[in-house]
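Participant: I have a structure I would like to understand better, so I am pasting it below and will then ask my questions one at a time.
Only the coordinates and a few stated rules stand behind these numbers; no lab work does. All figures in this text were calculated on a predicted structure; none of them were measured in a lab. Neighbour counts run over all protein chains shown; Cβ positions are idealised from the backbone, glycine included.
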Amino acid sequence: MSKIRSFTALMLGDVIGHPGCRALFSGLNQLIREYRADFVVVNGENAAGGLGITKEIARHFFGQGVDVITSGNHIWQQESVEELFEEHKQMLRPANYPPNVPGRGSVVVEKGGVKVAVINLQGRYQLPPTDCPFRGGKALVEKLRRETPIILVDFHAELPQEKEALAFHLDGRVSAVVGTHTHVQTADEKILPKGSAYITDLGMCGSATGVIGSDPAVSIRRQLTQLPLKNEIFDGPTFLQGVLCKIDPATGKALSIERVNRQFA
């Protein structure tokens, strides 16, 4: 492993409905070639019309070059999710759900002779209750470090304070902590003092002209009327957002982190 100078991980934000899938299917291979990405992680929890992900969509993701699909609070909203977990070990749900919940919250994948661990965690503020991501995440990291120093964490959470605190909690023990869930890409990417890469939110893959991927007209009407209107996926020009992390495969420490924000038709 130490003979490889650097290992490049491409991590993309929440895929929002059909427009997000279209952007991923048309643009991912281009990004992989351009950035020479060795490993791809995509959050797929909004891929099926904004709510969860289906087996068919997941198969397409993996077929396009995605190595691991992460998720969050919407993962349970498709009836076939348990079958999806059984079919694909690289389909994750947050690790800090209670014991005996279907699926898995982490995975180790060997690619190109390099082992990469991916952990999926969910925050506890303004989201359904889960076990502590700080205690559970730290214990899981220590377990996975016995297999590989390269560990990527998708923390699906609302509050920036919670995301950044977790990143410092795991700093030096993981390669990267990236936030998902808000669908808004932040501009605070950095390498923390002990060598872990961090960004508060990767952003999203979906409509570049909607309200976090949804129809602006519906979003405006909800604010004007206070009615519990359901979001409707908005179509139009799309983008893929995320980060590119270069990692030292010998130590697992991040060498660089760069934002990705690429528009597609």
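Participant: Using packing as a proxy for protection, rank 22-35, 213-226 so that the peptide with the highest average count of other Cβ atoms within 10 Å comes first.
Facilitator: Order by mean packing, descending: 22-35, 213-226.
Participant: Which trypsin sites (Lys or Arg not before Pro) in the range 93-173 sit in a loop by DSSP (not H, G, I, E or B) and have at most 13 other Cβ atoms within 10 Å of their own Cβ?
Facilitator: Passing both the DSSP loop test and the Cβ count: Arg146.
Participant: Moving to a separate point now. Just want the ordering: His74, His60, His181, from fewest to most Cβ atoms lying within 10 Å of their own Cβ.
Facilitator: Arranged by neighbour count, lowest to highest, His74, His60, His181 become His60, His74, His181.
Participant: At a Förster radius of 22 Å, what calculated FRET efficiency corresponds to the Cβ-Cβ distance of Arg145 and Val101, to the nearest 0.05? Show your work: numbers first, answer last.
Facilitator: Numbers: r = 24 Å, r/R0 = 1.09.
Plugging the Cβ-Cβ distance into 1/(1 + (r/R0)^6) gives 0.40.
Participant: Right, another one. Rank-order 189-195, 90-96 by packing density, defined as the average count of other C-beta atoms within 10 Å over each peptide's residues, highest first.
Facilitator: 90-96, 189-195
Participant: Taking only Cα atoms and a 10 Å spring cutoff, compute GNM fluctuations for the chain and point out the largest among Ala47, Ala58, Ala139.
Facilitator: Highest fluctuation of the listed residues: Ala139.
Participant: For a quick size check, give me the Cα extents of the range 23-99 along its three principal axes, largest first, whole Å.
Facilitator: Largest first, the range 23-99 extends 40, 24, 20 Å along its Cα principal axes.
Participant: Tell me the label-point distance for the pair Asp188, Gln161, using the 7 Å Cα-to-Cβ offset, in nm and rounded to one decimal.
Facilitator: Going from the Asp188 label point to the Gln161 one covers 1.2 nm.
Participant: Give the percent of DSSP beta bridges with both residues in the range 122-258 that are antiparallel, rounded to the nearest 5. Numbers along the way, then the final one.
Facilitator: On the way: 11 of 21 bridges.
Antiparallel bridges: around 50 percent, rounded to the nearest 5.
Participant: Separate question: If we count other beta carbons within 10 Å of each Cβ, what is the order of Cys205, Cys245, Cys21, fewest first?
Facilitator: Values: Cys205 33, Cys245 30, Cys21 22.
Fewest-to-most Cβ neighbours within 10 Å comes out as Cys21, Cys245, Cys205.
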